[in-house]
Structure formats: C-alpha cells, structure tokens
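Comments concern the structure below.
Derivation of every value follows stated rules applied to the coordinates shown; laboratory data play no part. Because the structure is a prediction, the values reported are computed rather than measured. Reconstructed Cβ throughout: ideal geometry from the backbone, glycine too, with neighbour counts over all protein chains shown.
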Amino acid sequence: MAWPARIPCTFKPMISSLVGSRPQNISSPSAGSLIIPVTVTQIPGLNTLGISLTRIYYGPGGINPPHIHPRASEILTVTEGSLLVGFVTSVPDNRLITKVLQKGDVFVFPVRLVHFQRSVGNGYAAAWAALSSQNPGVITVANSVFGSNPSIPGEVLAKAFQVDKNIVELLQSKF
C-alpha cells in the first residue's frame, strides 16, 4: 500500500489503545508469543515520522522467531521477565551475538539482520520494540523459506540445507 508524502490538512490526531497488561491468553501455539504491531497501518498518523512500535508478550519459553525487518533497525526494551536475544552478523562471519536481558535492559538489532528473542527464566516476559520506520516490514525466516506460496522446490531446499528432501517436505507441511 502506498502512503502519501504528507498527511492532508484534515488530519485528526489518532489515539491508539494497546493491551496495557499481560494478556491471559498468549495465543501463538507454535511460538508461545503474542505480537502487537503499531505501524502506519494501525495509526496512519505515523506516516512520514519514521517510527513505529511493537508490543511483545512471551509465555514461558515463548519465542519471537528468527526474522528480519527490511526497512528498520530495532531497539528492544524488556518490561517484564527475562529474554535471550540475539542476531546474526552478515556474510562472511555469520557470527551469532546473544545476551540475556532482564527487566529494564535494552538491546539494538541492526537493520536487515536476522534476529530473535526467547523467554528464559521461570515465567512470562514482555517487551516494547521501537523501530526506525513507520512501515518496517517483517520477514519471518521459517515462514518465508518453508511456507512460501508457491513452495520453493524441495530439491532446492534439500541442497541448500544439505538434508534429505523428505525432511524438507516435513518442514513445509508445518507451514
């Protein structure tokens, strides 16, 4: 969707209400997390401001799976619990950088690098992520690779991951 360069003069201020406390049902059964984006799609008033937010709730052991933001860097602030966070540097090193964060800690994920979070410790965790674009985009690695439509040919993925094609088909069946 294209957004105009300027907000028309008839712009009315927008107020958005987000879930303020941990929801009772963290609904993603596979990831164990609930992700609430606040981008230009939800609040058109963010257009041209170069900022957006995401609220993330993690169940015990829940994850925000490996993903990238093609148009934004991210700064994550933990507001509840503990998170293992990490990102992978680019080629040729492909070095994994990780840290365990506690409530109040902050971590930066550079633009276009694969990154993730996982709740560690004994309970729930929550965080706010601020992004440097009103429309940061998100590409979840597993969904893109194994859940594309149409599917990436199994032979290509088998060779890329150096596994049997049956393993690729099993992974594709999950998405």
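In the neighborhood of VAL88, defined by Cβ-to-Cβ distances under 15 Å, what is the net charge if each Lys or Arg adds +1 and each Asp or Glu adds -1? If you can, show how the numbers build up before the last one.
On the way: positive: ARG95, LYS99, ARG112, ARG118; negative: GLU74, ASP93.
Around VAL88, the charge tally is +2.
Could you derive backbone 3J(HN,Hα) for the stretch 151-161 from the dihedral phi with the Karplus parameters 6.51, -1.76 and 1.60 (θ = phi - 60°), listing whole Hz in sequence and x where the residue is Gly or Pro?
Whole-Hz 3J(HN,Hα) from phi for the stretch 151-161: 5, 5, x, x, 5, 5, 5, 4, 5, 5, 9.
Under the Karplus relation 6.51 cos²θ - 1.76 cosθ + 1.60, θ = phi - 60°, what is the ordered set of whole-Hz ³J(HN,Hα) values for the stretch 109-122, x standing for Gly and Pro?
Going residue by residue, I get 10, x, 4, 6, 9, 5, 8, 7, 9, 9, 5, 10, x, 9 Hz, with x marking Gly and Pro.
Test of the criteria: in the stretch 113-174, which trypsin sites (Lys or Arg not before Pro) are in a DSSP loop and have at most 13 other Cβ atoms within 10 angstrom of their Cβ? Walk me through the numbers before you get to the answer.
Working: sites: ARG118, LYS159, LYS165, LYS174; in loops: LYS174.
Hits after loop and neighbour filter: LYS174.
For GLY32, enumerate residues with amide H under 5 Å from its amide H, sequence gap 5+ or separate chain, H modeled in the peptide plane.
Those qualifying (amide H under 5 Å, at least 5 residues apart or on another chain) are ILE63.
Quick one: Karplus J couplings for the stretch 166-175, per residue in order, coefficients 6.51, -1.76, 1.60, θ = phi - 60°, nearest Hz, x for Gly and Pro?
3J(HN,Hα) across the stretch 166-175, in whole Hz: 5, 5, 4, 4, 4, 5, 4, 5, 7, 10.
Name the residues whose placed amide hydrogens come within less than 5 Å of the amide hydrogen of LYS103, ignoring near sequence neighbours (fewer than 5 apart) on the same chain.
Under 5 Å from the amide H of LYS103: GLY81.
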